[in-house]
Amino acid sequence: MSPTTLTRLLTAAVSLSATLSASANLQPQYNGSYPAATGTDAASFAKTKFDFVVVGGGTAGLVLAYRLSENPKISVGVIEAGQYRPDDPLIGTPTAGNLLGNADIGTLLGNPTYDWMFQSVPQAALNGLVIDYPRGKVVGGSSAINSMIWQRASDVDYDNWNTVFQNGPGWSAQGLEPYFKRVESWTEPELLFPGQQRDPALATAHGTNGPISVSYDTFLTDIEVPSVAAANSIGIPTNSNPDGGNETFIALTARSVDPKTGLRSYAGNAYYQTAIGRPNLKLLSQAVVSKINFSKSGKSGIVATGVNYIVGGKTYTVSVEKEVILAAGSLKTPQILELSGVGNKTILSNLGIDVLLDFPQIGENLQDHPVTLLDFKVKDDVLTLDRLNYNQTYSYEQQVLYNTSASGAMSYTEAVVGPLPLQKTVNSSTFDAMFSNLTATLATQQQTPIQKVQYAALESMVKSGAVGWFELTVVPSGGVASTAANGSNYLTSVAIELDVLSSPASLRTWLCSMWLGTSTFYHRLTSAGQHINSTDPTAQPVIDPKFLEIPWDAEVLVHGSQWVRKWMQSEPIAGLLEGEVTPSLNVQSDEEWDAYVRTAVRTTNHPLGTTAMASRALGGVVDPNLKVYGLANVRVVDAGIIPMTIGVAIQSTIYAMAEKAADLVKSTYGI
């Protein structure tokens, strides 16, 4: 995104949020300042004796803090680098923080108040393109800034954790199901889409008493229903129960929004704020962790004794009695381990860091969902969210509607999402040629043990035709793939690759058709890594997803983008569009599409795998109890433990994983 586009997004959202606050009834008010620390200050926190210190007050970290502190005899300290921002309207109002595009490129992302604003190294296969890597830097973490999409992967994705990566039946679809339900306070959807039916099994798949409110859009623009009908017309059915073990095809997408208030439901307000009065729970915000301190014991091995953190330029140390739990995210947790002397000895020695434990797998296996974007001009009389930006009367009406009934355009999140098997988007001869090329490519690669089982699993999954390889989503707005003209309406369509391996490969893809104005692709298979190149804990890590270095990935994105064009040229959605803006219709051949895709790749902000949960023989970093191999009392509970990409947005999976982790910790100590 260009600086001009980002500035326009920020200005629009701030202006809209100010208007919202001026007339809000339901919308909580922001008083202009937030506490630097919550429940404690830097010095007092250091003097407190904690049983558990959780590094990272984000999605997983706050789940752990909430659950462990349920026992009043257990003391829990949380260290978070970001601010505590309760009732911030940019976080709370679904559309306010996400104008002119989805949340992955909206005003919360690219804003240093909320976002770490990481970037990748220049990508060799993308002609040196640098990929923005937003991550939540706020109490609540990325659950405070994401697009609120709430999906559950197909059973096979979770069952692979059990069988392929040797983590046992507790890490399977059946083993995780109770934890998905524990998280949720689910509200049944209305029947809004063509082909959507009332399926009793959908209700059975969800929980109704959990902290996170899970609901569905009740407001649609003029785009969603015609786009679903167009997909139906070219062979893509509607799935009325995408959470029952089969994610594939188009569904009305759940989201983490409270239907009563219209506000984002996230770890900050759903978990932390409900536990904020507990005397045994302390959260220190705006504190950067610099390292974990260890001692070596002949009996216990390498034992974490405390955590160093920096506030206001001064370093403090807090002691820990039982465990340090790293929940800093897949891009920060490896950095903290490496700064603490746990990691690849070559990297650490070159930086002058004493090597406590040579562990070269830490920071490797980075995987993500890459995307490419297409956008389309929409006819002037067709309602899209762009109208909020150029029609003051409509914007005011929608603000009043939201503030009085928690509904309308301001409550909108992406409604159309559909993971598709690759065979649904290419013909059999094309698929056979792609698969043959992939097999030949992989045969030339030197693969690590974990890559070998990843590739075998992904090959089996793609050949089965039973799992999503692309994901579709439609977003009724523009300004992402190209600059939106004032007073015009757009549709953005997104192609997302779902299954990605660590380099040497990248396999599964999300095909998304997003806001009327752009089309994006997310991808599922790339080996890459994330490591430090500085001893400064505030320095950005070196992030290299190695996007499209495997020809398969580029082919998937090319064919997915071509399929999006076909979709948007199908009725009834075609009748609402004036034409394609980006890329132009001059892009026709596979070679032209390949050149375009390599300029348009983004990330969907789902980095994972850098501290993989797998057997030691496969090169795992944590065991099934999430303990780091070789460390007596350090666990990792964040997206880094997911050993291979899954075919959906990862938010609900992180919550379920953290709920399970809390039970594992409680079981260890009988609490």
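The values are calculated or read from the model by the stated rules, or taken from the named source; none is laboratory data. Nothing here was measured: the structure is a model prediction, and the numbers come from that model. Using ideal geometry, Cβ is built from the backbone for each residue, glycine included, and neighbour counts are taken over all protein chains shown.
Selection over the stretch 176-216 of residues that are of a type in the set (Asp, Glu) and either buried (at least 23 other Cβ atoms within 10 Å of the Cβ) or touching a helix residue (DSSP H, G or I) at 6+ places or on another chain (Cβ under 7 Å) (or both) gives a count of 2. Taking each residue of the stretch 123-139 that is over 18 Å from ASP88 (Cα atoms) and without any contact (Cβ under 8 Å) to a residue 12 or more places away in the chain and looking for partners that are of a type in the set (Lys, Arg) and surrounded by 17 or more Cβ atoms within 10 Å (Cβ to Cβ) with beta-carbon atoms closer than 9 Å, six or more apart or interchain, yields nothing.
Looking across the stretch 190-208, the residues that are closer than 30 Å to TRP161 by Cα and touching a Ser or Thr at 6+ places or on another chain (Cβ under 8 Å) come down to ASP199, LEU202, GLY207, THR208.
Would you point out which residue out of ASN308, ASN269 is surrounded by 18 or more Cβ atoms within 10 Å (Cβ to Cβ), free of Cβ contacts under 8 Å to residues at least 24 places away in the same chain and not β-branched (Val, Ile, Thr)? Being surrounded by 18 or more Cβ atoms within 10 Å (Cβ to Cβ), free of Cβ contacts under 8 Å to residues at least 24 places away in the same chain and not β-branched (Val, Ile, Thr) holds for just one of ASN308, ASN269, which is ASN308. Here the stretch 338-387 is the region considered, the condition is being more than 23 Å from the chain's Cα centre (by Cα) and of a type in the set (Ser, Thr, Tyr), and the residue that is nearest to THR95 (Cα to Cα) is THR384. Take the residues in the stretch 163-180 that are part of a loop (DSSP other than H, G, I, E, B) and without any contact (Cβ under 8 Å) to a residue 24 or more places away in the chain, then tell me which one is farthest from ALA617 (Cα to Cα). Selected residue: SER172.
The residues listed here are ALA440, ALA485; of these, the one that is on the phi < 0 side of the Ramachandran plot, part of a helix (DSSP H, G or I) and free of Cβ contacts under 8 Å to residues at least 40 places away in the same chain is ALA440. Screening THR509 against (1) within 22 Å of the chain's Cα centre (by Cα); (2) at pLDDT 80 or above; (3) of a type in the set (S, T, N, Q) leaves a single unmet condition, (2).
Contact map, the stretch 526-537: residues that are farther than 22 Å from GLN445 by Cα paired with residues that are of a type in the set (D, E, K, R) and modelled with pLDDT of 90 or more, Cβ distance under 7 Å, separation 6+ or inter-chain. Pairs shown: HIS531/GLU338; ILE532/GLU338.
Pairing residues of the stretch 141-162 that are within 21 Å of GLY465 (Cα to Cα) with residues that are aliphatic (A, V, I, L, M) and part of a helix (DSSP H, G or I), at Cβ distances under 7 Å and at least 6 apart in sequence or on separate chains, gives ASP155/ALA173; VAL156/MET461; TYR158/ALA173; TYR158/LEU176; ASP159/ALA173; ASN160/ALA457. Consider the stretch 589-634 and keep the residues that are in contact with a strand residue (DSSP E or B) (Cβ under 8 Å, 6 or more places away or on another chain) and of a type in the set (D, E, K, R). The one that is nearest to PRO545 (Cα to Cα) is ARG602. Within the stretch 295-302, not a single residue is under 30 Å from SER477 (Cα atoms) and surrounded by fewer than 18 Cβ atoms within 10 Å (Cβ to Cβ). Once the stretch 655-671 is narrowed to residues that are touching a residue at least 60 places away in the same chain (Cβ under 8 Å) and farther than 15 Å from ILE325 by Cα, the residue that is surrounded by the most Cβ atoms within 10 Å (Cβ to Cβ) is TYR655. Listed by position, the strands (runs of 3 or more DSSP E) enclosed by the stretch 341-434 that each have at least 1 residues that are more than 30 Å from ALA614 (Cβ to Cβ), touching a Gly at 6+ places or on another chain (Cβ under 9 Å) and modelled with pLDDT of 95 or more are 370-378.
Residues that are on the phi < 0 side of the Ramachandran plot and surrounded by fewer than 24 Cβ atoms within 10 Å (Cβ to Cβ) within the stretch 453-482 comprise VAL453, TYR455, ALA456, ALA457, GLU459, SER460, LYS463, SER464, ALA466, SER482, listed in sequence order. The residue of the stretch 588-636 that is nearest to the chain's Cα centre (by Cα), among those that are over 30 Å from THR668 (Cβ atoms) and in a loop (DSSP other than H, G, I, E, B), is ASN605. Checking ILE325 against (1) farther than 30 Å from PRO89 by Cβ; (2) surrounded by fewer than 16 Cβ atoms within 10 Å (Cβ to Cβ), which single condition isn't satisfied? Result: ILE325 fails condition (2) only.
Let's see how each residue does on (1) in a strand (DSSP E or B); (2) over 19 Å from ALA658 (Cβ atoms); (3) small (Gly, Ala, Ser):
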| residue | (1), (2), (3) |
| --- | --- |
| ALA231 | no, yes, yes |
| GLY235 | no, yes, yes |
| ASN241 | no, yes, no |
| GLY268 | no, no, yes |
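Table: residues versus (1) over 30 Å from LEU498 (Cα atoms); (2) touching a strand residue (DSSP E or B) at 6+ places or on another chain (Cβ under 6 Å); (3) without any contact (Cβ under 8 Å) to a residue 40 or more places away in the chain.
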residue: ASP354; (1), (2), (3): yes, no, yes
residue: PHE359; (1), (2), (3): no, yes, no
residue: THR372; (1), (2), (3): no, yes, no
residue: VAL378; (1), (2), (3): no, yes, no
residue: LEU385; (1), (2), (3): no, no, no
residue: VAL400; (1), (2), (3): yes, no, no
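Of SER330, SER295, SER319, all but one fail to be modelled with pLDDT of 95 or more and part of a loop (DSSP other than H, G, I, E, B); the exception is SER330.
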